[in-house]
1. Pop a pseudo-label 7 angstrom from the Cα along the beta-carbon direction at both A:LYS72 and A:ALA141 and give the gap in nm to one decimal.
2. If you count, for every residue in A:177-188, the Cβ atoms of partner chains within 10 Å of its Cβ, what is the mean?
3. Could you check the spin-label model distance between A:GLN188 and B:LYS201? Points 7 Å from the Cα along Cα→Cβ, value in nm.
4. Between B:LEU247 and B:GLN144, what is the FRET efficiency for a Förster distance of 30 Å, r being their Cβ-Cβ separation, to the nearest 0.05?
Amino acid sequence: MYFLQIPSPERHGLDEPTLVRHAANGDAAAWEPLVREHQEAVFRLSYLLLGDPDDAEDVAQETFLRAWKHLKRFDPTRPLRPWLLSIASNLASNRRRSAGRYFAALTRAFRGEPIPATIEEKSSQQVQANELWKAVQTLNAHDQQIIYLRFFLDLSVTETAEVLQIAEGTVKSRSSRAIEKLRKIIRQDFPVLLEGLEA
Amino acid sequence: MNEDRLRAIASGMGYPRTPDIAGLVAARLHPSTRPRFSSRRLAWSLTISLILVSSFMLIPPVRAAILEFIQIGVVRIFPPEPAVQPITTATPEAFAPVTAASPSRTSKLIPILDRMAGEITLTDAQNKVAYPILLPAYPSDLGQPDYVYVQDMDANVLILVWLDPHQMDSVLMSLHFIPNESWAVRKIEPTVIEETTVNDKRAIWTTGPYPLVYSNGSIQFERMIAGHVLIWADSDLTYRLETDMSLEEAVKIAESLEPFP
């Protein structure tokens, strides 16, 4: 049945650059396993940036549709994931700004609301992670991006540099500054996270 | 600051389950990646019809849940799910059932109109959206919409609203223009799903009441739909016509759309 088809990269037996080349030539069947391969990272970054699973789903969909549209401009010898995360990050930022124009007052009213019920806080580790997320959300957008990429999605400095299209040295310096700001916020408002972060 | 510790804490983040983005993207790529032959459309219609019939008539409820959604244009229609509850952040008025038989029919929708973002004039809307605005020529005395909204959601969604001339605090109908690349509308628990056509193109007719969720980036805007919704797609747009009129009347209205001068 159409809705239940789940192609996988293994079934295609093709590596990423080859699939990208096929997709760039209009082969949608080659694009699908690539989407499936990277959808989790794209969705998670969108979710971290937007804080809402439905919005994250929308942005993730739009990310892959835009990437598909512009695939011919993409160098298939480069890894796909940083490019996709870069698109997702831009879309999420636009969406946040766009919504902010209309609903700034309402958004303020919702601040401090609990994490959506779709997330089950099953362990103290998850509680800590959610507290950390709340702390990161108080940073500016650029600092949030770098923290999410480096520490939540565990991207390397090189990958982060590709996503943000900045030099690796800049990633390191921005990361240090963001962490410094985060440390101040944690000291002030999230003491539960202090243990282990002050070392 | 210990980066390893930071990374360790972040690794415990509980994310929502990743949706089937690949399936959704594939569904949206289909129209542009395959030849637009009528036989394809016919095959697609037959496939959907088969899914509808098998899901709602032949398959037991548990198996029917496997069918995730039916998609036409960019509108996803989810089959009934008994466990789904109305979103709790809406005002109680917004969820009051509104039917043609109810004396309070559409008056409860007006406060919702007041809360909607992006009100604009029809002329300004035409300058803002990238597609031609179409207005119904039927009924002949309908005239131009009383309210026009353009909402920026990556691309511009247009919403036209006509008030009931005999009861100006009530909504007669609304027509939505939804660019394919911009919008997701989710309907939950439609009580009837019926296949029909608009200008020989496949369309879906649903009846409420059910909650409609507009995703806009930061908050969700919920309301209870009055009456019925006709959904059809044409080129790069999906159209939604909300009205309490009959299916035949709704199709007449949909087929009478003409460019706004």
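What follows draws every value from the coordinates through simple rules; no lab data is involved. From a predicted model like this one, the values you see are computed outputs, not experimental measurements. Every residue, glycine as well, gets a Cβ built from its backbone with ideal geometry; the counts of neighbours run over all protein chains shown.
1. Each label point lies 7 Å from its Cα, and together they span 3.0 nm.
2. Mean shielding by partner chains, rounded to a whole number: 1.
3. With each label placed 7 Å out from Cα toward Cβ, I get 5.4 nm.
4. Calculated value: 0.75.
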